[in-house]
Amino acid sequence: MSDISTFHKIYTTREDAENSQAILHEGNEFGEGVMRRFEIAPGVQITYNDLKMDSCFRPIRFEKDFLQINHCLEGCYECELEGGAVSFLGEGDLCVDYLSKNKQVFLGSRIPLKKYRGITVLLEMETAQKTLDDGFRQAHINLTQIKDHLCSDSRSLIIKSKHEIDHIFSELYSVDERIQIPYFWIKIIELLLFLSLLDGSAVRRPQQFSADISKRTQEVYQYIIENPFMKDTIPALACMFGVAESSLKRCFKSISGSSIGTFVKAKRMEAAAEMLISEPTLSIGEIGSVAGYENQSKFSAAFKAVMGVTPQAYRHKYC
């Protein structure tokens, strides 16, 4: 959210910077990250974020007002809000933030899964509006109206994945480098027109969780990763980590993008797939038993549902 693009004064916009590109690298004890930033036009930037780290937060005081639009392709982003609560930007979500020189909404951030890939569109309100008025007057795009409609009280807004969002951003992730800059412009205009027409059915305020619930839920997440064949029920996990079951379910889905049951099944099948390769002397039925299935046919059906092929085909392909 607000600090995704903070490396090396990334919020500074230059009125003569059209068509420039910067590759920004960050490395610390938390991991590493790469950002590819493009100056599209005065007041308008687009940045590709690829972060494999716990945090890249740097507090910033904005000298101007910005509208920031973030799309999460993979992973998840956690932001600390005023009062100590946290919220998440998950896979497929679009987040719209108003970043004001008069108010700092976010106090910190983390990348819970140590993985975040996404796109940031950053518009410096005054300069970008002039650019839009000069070059795209017929579009009638008013950034202040978008901000007032979507970010009242300077709050963030989450738009859940839907066809129009997926269409706009799927093409941005695969654009040919030879046409990047003009294509970026087309997609940014499309995005702003889409935001101008949004009604309340597609939007919501980010779910908020206490820092304690977030921490305990992430511990559950790590426990499942480290124990893929565990047989603990969701109530048992909630009791084990001292969190209410309903809060655990909601927070876990915000972090991982899937329910606990779906996530457990996926990790169990991924671990079984590793055993099919690393333990060639074990039969498929024996591996299925380790994974918690009473017979080979049920294991094979569950494996194929997650991995796309049967255990036999998977072993044949990789052994």
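Selection of first residues in the range 216-230 that are in contact (Cβ under 8 Å) with a residue 40 or more places away in the chain and of second residues that are of a type in the set (D, E, K, R), restricted to Cβ pairs under 6 Å at least 6 apart or on distinct chains, gives the following pairs, ordered by first then second residue: I224/K267; P228/K267; P228/R268.
If you scan the range 162-181, which residues turn out to be farther than 13 Å from H71 by Cα and either touching a His at 6+ places or on another chain (Cβ under 6 Å) or exposed (fewer than 12 other Cβ atoms within 10 Å of the Cβ) (or both)? Break it down into steps so the answer makes sense when it comes.
Within the range 162-181, the first condition is being farther than 13 Å from H71 by Cα, and the residues that meet it are 163, 174-181.
Those that are farther than 13 Å from H71 by Cα and either touching a His at 6+ places or on another chain (Cβ under 6 Å) or exposed (fewer than 12 other Cβ atoms within 10 Å of the Cβ) (or both): H163, S174, D176, E177, R178, I179.
Has the range 208-223 got any residue that is within 30 Å of R110 (Cα to Cα), assigned to a loop (DSSP other than H, G, I, E, B), touching a Ser or Thr at 6+ places or on another chain (Cβ under 8 Å) and not aliphatic (A, V, I, L, M)? Yes, because at least one residue in the range 208-223 is within 30 Å of R110 (Cα to Cα), assigned to a loop (DSSP other than H, G, I, E, B), touching a Ser or Thr at 6+ places or on another chain (Cβ under 8 Å) and not aliphatic (A, V, I, L, M). The single condition among (1) touching a Lys or Arg at 6+ places or on another chain (Cβ under 6 Å); (2) surrounded by fewer than 19 Cβ atoms within 10 Å (Cβ to Cβ) that T281 does not satisfy is (1).
Confirm whether E286 is out of contact with any Leu (no Cβ under 7 Å at 6 or more places or on another chain), under 30 Å from L107 (Cα atoms) and among the acidic types (D, E).
Working: out of contact with any Leu (no Cβ under 7 Å at 6 or more places or on another chain): yes; under 30 Å from L107 (Cα atoms): no; among the acidic types (D, E): yes.
So E286 fails the test.
Whether a residue is at pLDDT below 95, part of a helix (DSSP H, G or I), over 19 Å from the mean Cα position of the chain (by Cα) and farther than 30 Å from Q21 by Cβ was assessed, and S247 does not pass this test. With the condition kept exactly as written, say whether any residue in the range 91-108 is modelled with pLDDT of 85 or more, outside any loop (DSSP other than H, G, I, E, B), closer than 12 Å to I69 by Cα and of a type in the set (D, E). Among the residues of the range 91-108, at least one is modelled with pLDDT of 85 or more, outside any loop (DSSP other than H, G, I, E, B), closer than 12 Å to I69 by Cα and of a type in the set (D, E), which makes the answer yes.
State whether one or more residues within the range 295-302 are part of a loop (DSSP other than H, G, I, E, B), out of contact with any helix residue (DSSP H, G or I) (no Cβ under 7 Å at 6 or more places or on another chain) and not hydrophobic (A, V, I, L, M, F, W, C). Spell out the reasoning first.
In the first step, residues of the range 295-302 are kept if they are part of a loop (DSSP other than H, G, I, E, B); the result is 295.
Those left that are additionally out of contact with any helix residue (DSSP H, G or I) (no Cβ under 7 Å at 6 or more places or on another chain): 295.
In the following step, the residues that additionally are not hydrophobic (A, V, I, L, M, F, W, C) were identified as 295.
Yes, the range 295-302 contains at least one residue that is part of a loop (DSSP other than H, G, I, E, B), out of contact with any helix residue (DSSP H, G or I) (no Cβ under 7 Å at 6 or more places or on another chain) and not hydrophobic (A, V, I, L, M, F, W, C).
Against the condition in contact with a Phe, Trp or Tyr (Cβ under 7 Å, 6 or more places away or on another chain) and outside any helix (DSSP H, G or I), how does G292 come out, does it pass?
Numbers: in contact with a Phe, Trp or Tyr (Cβ under 7 Å, 6 or more places away or on another chain): yes; outside any helix (DSSP H, G or I): yes.
Answer is yes for this residue.
If I ask for residues that are among the β-branched types (V, I, T) and without any contact (Cβ under 8 Å) to a residue 12 or more places away in the chain, which ones from the range 236-272 would you list?
Taking the range 236-272 first, the residues among the β-branched types (V, I, T) are 243, 255, 260, 262, 264.
T262 - this is the single residue of the range 236-272 that is among the β-branched types (V, I, T) and without any contact (Cβ under 8 Å) to a residue 12 or more places away in the chain.
Number of residues in the range 9-45 that are under 17 Å from Y116 (Cα atoms) and modelled with pLDDT under 70 equals 1.
The values are calculated or read from the model by the stated rules, or taken from the named source; none is laboratory data. Everything numeric in this text was worked out from a predicted model, so none of it was measured. Glycine gets a Cβ as well: all are built from the backbone with ideal geometry, and neighbour counts include every protein chain shown.
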